[in-house]
Amino acid sequence: MNSPSLFSLVFTRMLLCCLLLTSGHASAKTLVLAQIGDRPKKDFRQLRPMADAMVQVLAPFGYDQADVQIYPDRPQLENAIREGRVHWITETPLTAARLYQQQLATPIARKRKRRQHAYQSLIYVRADSPIQTLSDLTGQLIALEHRNSFSSYFLPLMALRDAGLSSVHLETPRQAVPADKVGYAFSRNERNNLLWVDKGIAAAGALNDGDWQTPGRLPAKLLQNMRIIHHSALYPRAFELLTDNLEPEARQALQQALLALDPSKDSQLLMQYENSSHITPLGPHDLQQLRSLDVETLP
């Protein structure tokens, strides 16, 4: 007979311990898990099972249902937090850093997503390109995915800035790039990013190492024709964050339940959660790393 998972034991214990403390809750409440995304149906499907599981943990605190909200951009997510409509966020380091620095949410755990506990940004060119260094990108176009991407927007632009280069956003990849700047346009996804470079639409592109190394994610024949010219530092793949809209006792219960998820016994639930495999405590330097990201320098 299989023994219960640590998550099940923690849930049962918290339920029994909290019933006496919270029996006075008269009105039911909805737990809201949020994320920024441009694929609301897909993102909703990936987040809903975890939200439904965790609301059971918060039943003693008056929460009887869960909801998932996908926001198209950061300002709308931030407004929802300020208005008290979001309790829990799962996001990349870019959004996590912005929310943490603005004191809108606090990171409470790391998420191992798509088999990555940490990841880095790669800037690449065609293998036959004369471009050898970031400085050679002056007057050229680099393909970035979208404005909310950490590995294919924030980190590449920070790399260009640190190399002493000035960047400018172009509405389309066909616009002329100023001779003294590096132009960037949004490819929307990693496949287009690679195709733009392969077809010569962009001189360079930016992907994360998971996109590059995971078999089947991108066409292997195209990757073989590319050459990496820059590696960023490693950063946590994703964070779980909680807002002050959740009561302190409920925050603690949710954090404990997330960390109690067992990679073996709760593997199906974790896999549904954006192809995750583990939720782990914060590392000793994670919060400092988020504080140090210069997120306000980018448009």
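Bear in mind these aren't lab numbers, they're just calculated from the coordinates by the rules spelled out. Predicted model only: the values in this text are computed from it and were never measured. Every residue, glycine as well, gets a Cβ built from its backbone with ideal geometry; the counts of neighbours run over all protein chains shown.
Where does each of Met271, Met226 land when they are ranked from fewest to most other beta-carbon atoms within 10 angstrom?
By the 10 Å Cβ count, ascending: Met271, Met226.
Expressed as a whole number of Å, what is the distance separating the alpha-carbon centroids of region 241-267 and region 112-132?
Result: 32 Å between the Cα centres.
Taking the Cβ of each residue in His87, His230 as the centre, tally the other Cβ atoms inside 10 Å and list the residues starting with the fewest. Don't jump to the answer; show the numbers that get you there.
Numbers: His87 29, His230 20.
Lowest count first: His230, His87.
Suppose only helical runs count, i.e. DSSP H with n ≥ 4. What mean residue ellipticity at 222 nm does that imply for the chain under -39500 (n - 2.57) per run, divided by all residues and rounded to the nearest 500 deg cm²/dmol? Before the final figure, lay out each step's value.
Working: 11 runs with 104 residues, N = 299.
-10000 deg cm²/dmol, from helical runs alone.
Could you work out how much longer the chain between Glu83 and Ile228 gets when fully extended? Use 0.36 nm per residue separation minus the Cα distance between them, nm to one decimal.
Values: separation 145, 0.36 × 145 = 52.20 nm, distance 4.37 nm.
The span from Glu83 to Ile228 would gain 47.8 nm if fully extended.
Give the order of Ile81, Ile108, Ile89, Ile228 when sorted by the count of other beta carbons within 10 angstrom, beginning with the fewest.
By the 10 Å Cβ count, ascending: Ile228, Ile108, Ile81, Ile89.
Classify region 228-299: rounded, prolate or oblate, from the alpha-carbon gyration tensor (a ≥ b ≥ c, eigenvalue square roots; a/c under 1.5 rounded; otherwise prolate if a/b is larger than b/c)?
oblate
Going through the cross-link list Lys221/Lys265; Lys41/Lys199; Lys42/Lys181; Lys41/Lys111; Lys111/Lys221, which pairs have a Cα-Cα distance over 27 Å in this structure?
Cα-Cα > 27 Å for Lys221/Lys265; Lys41/Lys199; Lys42/Lys181; Lys111/Lys221; rest within.
Treating only the Cβ of Lys, Arg, Asp and Glu as charged (+1, +1, -1, -1), what charge dipole size does the chain show about its Cα centre? Round to the nearest 20 debye.
Working: 32 positive and 29 negative charges, 135 e Å.
Approximately 640 debye in magnitude.
Quick one: compute the contact order of the chain, relative version, from alpha carbon pairs under 8 angstrom and 6+ residues apart, as a percent.
Relative contact order, the chain: 28 percent.
What does the C-alpha gyration tensor say about the overall shape of region 121-232? Classify as rounded when a/c is under 1.5, otherwise prolate if a/b is larger than b/c, or oblate.
Note, shape of region 121-232 comes out rounded.
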